[in-house]
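Enquirer: Got a structure for you, questions after.
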Amino acid sequence: MEFCLNLRKPHALGIVSAVLILGLLSIRLAECQTPGFIEPIKYKALRCRKHSAVLTDFGATGDGKTLNTKAFKSAIDHLSQIADDGGAELIVPPGKWLTGSFNLTSHFTLYIDKDAVILGVQDESAYPLIEVLPSYGVGRDGGGRYSSLIFGTNLTDVVITGGNGTLNGQGQYWWEKFRAKKYNDTRPYLIEIMYSNHVQISNLTLIDSPSWNVHPVYSRNVLVKDLTILAPIDSPNTDGINPDSSKHVRIEDCFIVSGDDCIAVKSGWDQYGYKFGMPTEYLLIRRLTCISPDSATIALGSEMSGGIKNVWAEDITAIDTQSGIRIKTGIGRGGYVKDIYVRRMTMKTMKYVFWITGDYGSHPDDGWDPKALPVIKSISYRDMVAENVTYAARLDGISGDPFTGICISNVTIGLTENPKELQWNCTNVAGATSRVTPTSCDLLPPSDRIFNCPFPDHPHWDVKLKTCSRSGCKKIEL
């Protein structure tokens, strides 16, 4: 039987068009459901990208067993060649993507899907040894440094984001070896960005880093936002976010459970730090929640030899954490910590609310100078509430080098059922307090007048995030 269709008749053309459209829709649906494809994505970023690729286009396999370092490197190398033309984006689709260290490029976005997990391989050879930081002189664990899982240096305009996708450093392997003193070099971090400008790290979950989680160093204009960072509370040196010798950094809307400080502000170590001379300055931290029973919510130091100044922190929640704000320094550090402004902290189950340590003793080598004394001044805390606290404060300056200008106002500290008798332990410090309960020490006497400690307006880095979107299905060429 022969079937003919008269295409000259309008109703026949309509039937053909409908059949073609339905066929194309069926093909598109089939393509979208093919393994390796992702749903349409939408995210906020400093910049959107003209070019896009999916990791599977470069031979990656997301089974959690196949090593994909080569695929990551090939994808980023390919995209780097076109990134100057409107930027490039690499999408990590659903799956478990085992990899070693890889480097990012400029004008680039790494997008990690909500159902994607990047797994750090448990193999030292997959993390090349890189030069030690000039402001430290040695790796923080000693020796050299393993490259971080995600690494970038001398970059402009780089975004690491996702639909709350996951980076899993599989740190147990590294922690056990570290505790057994089997390392001569410093464990890798999850993310380290060096000497870079206009950086965004956002909307990710970071789990079980071998050491520090996020380390922007020698960089400026850095936005760290909407991160969930999780590590066992006894894991060694798993600091959450460590802004280091960097300028104009914003950290906001993060939730951190850590074996070390939730945020540790740094600027170099002893003679290497003050000779390099690059401070951390104009840092804004807000809407942070921290759980860290053995460490600080926000630590300033102990590696602060290049200087830390102009830091604003507000709307901070600490739960079951050793201390609220802690300044860590010591003889030999040099440098300074000054112009620090903190307000609106809520703390529950704390060992200390305020803690300043002037006898932190670790040094990079024997070349440290005992005459290099730190300057600690102009520290302002206000509008805080704490409950179930063991000690209100331990504030220890340095003999002959007192820490001055400490201001505390409108702070109410509720104590444990069996509080320590000496609630304020103060040596070699000077300042004043207003409306503080329990009453502060003699070196920080209550004022006869009511005042609020300063919290000046913080500088506005005008961050306007754009809404970026990408279809999850390949285009069908007719």
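The values are calculated or read from the model by the stated rules, or taken from the named source; none is laboratory data. Quick caveat: nothing in here was measured; it's all calculated off a predicted structure. Positions of Cβ are backbone-derived with ideal geometry, glycine not excepted, and every protein chain shown enters the neighbour counts. Side chains are part of the model used for accessible areas, which takes the heavy atoms of the whole protein and leaves out ligands, DNA and RNA. Shrake-Rupley method; radii C 1.70, N 1.55, O 1.52, S 1.80 Å.
Enquirer: When the accessible area of segment 37-92 is split by element with a 1.4 Å probe, what percent falls to carbon and sulfur?
Expert: 48
Enquirer: Using a simple spin-label model with points 7 Å from Cα along the Cα→Cβ vector, what separation in nm is obtained for Gln81 and Asn452?
Expert: 5.9
Enquirer: Would you mind checking the tilt of helix 69-80 against the longest principal axis of the Cα atoms of the chain, expressed as 0 to 90 degrees and rounded to 10?
Expert: 80
Enquirer: Can you tell me the FRET efficiency between Asp366 and Gln170 if r is taken as the Cβ-Cβ distance and R0 is 22 Å, rounded to the nearest 0.05?
Expert: Plugging the Cβ-Cβ distance into 1/(1 + (r/R0)^6) gives 0.05.
Enquirer: For Ser211, which sequence-distant residues (separation of 5 or more, or a different chain) have an amide H within less than 5 Å of its own amide H, given hydrogens modelled in the peptide plane?
Expert: Correct list: Leu190.
Enquirer: Related question: Accessible area per residue for the chain in Å², computed with a 1.4 Å probe and the full protein assembly in place, what is it?
Expert: Accessible area per residue: 43 Å².
Enquirer: Can I ask one more? Of all DSSP beta bridges in segment 112-204, what percent run antiparallel (nearest 5)?
Expert: 10
Enquirer: So for Thr357, Thr56, Thr467, what's the accessible-area order with a 1.4 Å probe, most first?
Expert: Thr467, Thr56, Thr357
Enquirer: I would also like to ask the following. List the lysines whose Cα lies under 22 Å from the Cα of Lys377, skipping any in the same chain that are fewer than 8 positions away.
Expert: Counting by Cα, and skipping residues close in sequence, Lys377 has these lysines nearby: Lys247, Lys266, Lys275, Lys309, Lys328, Lys338.
Enquirer: Taking a label point 7 Å from the Cα of Lys114 along the Cα→Cβ vector, which residues of segment 45-66 have an amide N closer than 19 Å to it?
Expert: 45
Enquirer: Calculate, in nm to one decimal, what Ala53 and Thr349 gain on full extension: separation in residues at 0.36 nm each, minus their alpha carbon distance.
Expert: Difference between extended and current length: 101.8 nm.
Enquirer: Okay, next question. Report, in deg cm²/dmol and to the nearest 500, the calculated mean residue ellipticity at 222 nm for the chain, where each DSSP H run with n ≥ 4 adds -39500 (n - 2.57) and the sum is divided by the residue count.
Expert: -3500 deg cm²/dmol
Enquirer: Of the accessible area of segment 240-327, with the probe set at 1.4 angstrom, what percent is carbon plus sulfur?
Expert: 46
Enquirer: Could I ask something else about it? When a/c is below 1.5 the answer is rounded, else prolate if a/b is larger than b/c, else oblate, so apply that to the chain with a ≥ b ≥ c taken from the square roots of the Cα gyration tensor eigenvalues.
Expert: Note, shape of the chain comes out prolate.
Enquirer: Under 13 Å from a label point 7 Å along Cα→Cβ of Thr390: give me every residue in segment 421-459 with its amide N that close.
Expert: 421
Enquirer: Please go through segment 388-478 and write out the chymotrypsin sites (Phe, Trp or Tyr not before Pro) that DSSP classes as loop and that have at most 15 other C-beta atoms within 10 Å.
Expert: Here the chymotrypsin sites (Phe, Trp or Tyr not before Pro) that fit, given the DSSP loop and packing criteria, are Phe451, Trp461.
Enquirer: Next up: Whose amide H sits under 5 Å from the amide H of Phe403, counting only residues 5 or more places off or on another chain, with H placed in the peptide plane?
Expert: Under 5 Å from the amide H of Phe403: Gly397, Ile398, Val429, Ala430.
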